[in-house]
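Read-outs: derived from the displayed coordinates by stated rules, not from any lab. Because the structure is a prediction, the values reported are computed rather than measured.
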Amino acid sequence: MKKTNLLTVATLCLALGFTSCSKDEGTVPAELCADCHIALPDKSETVWEILDSSGEHIEFCGQELTDIESSSAVRVVTDTLYSDAGDILLPGEYGPGSANSLYEIHCGEEDEDH
């Protein structure tokens, strides 16, 4: 009896999972986009926002977002960046796939602890 009830509950949960995740026909899924930053995981994790030349956040979308979050990502910094605490990040290559591999690239994590 317990086995039958458990099987019934599992089947219902599985069916609900499939129906709640199904896509509506005719709609185009929204492309996932996020702001990213370069981080040095020290005691307080120093963070430098990735900004364009006008000081606005660069939004990474689709394949570009997948690439920047990969374990071989390299972000070329062309201007000196400053953290909120005033720490300087000089122009160069940063990220897990660079010579500066201690630096990480995080996306979509505004105001969160890492």
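Taking each residue as 0.36 nm, the span from Ala85 to Glu45 lengthens on full extension beyond its C-alpha to C-alpha distance by 13.3 nm. Converting phi to 3J(HN,Hα) with the Karplus coefficients 6.51, -1.76 and 1.60 and the offset θ = phi - 60°, the stretch 61-76 yields 10, x, 5, 4, 5, 4, 5, 5, 8, 6, 6, 10, 5, 9, 10, 8 Hz in sequence order, with x at every glycine or proline.
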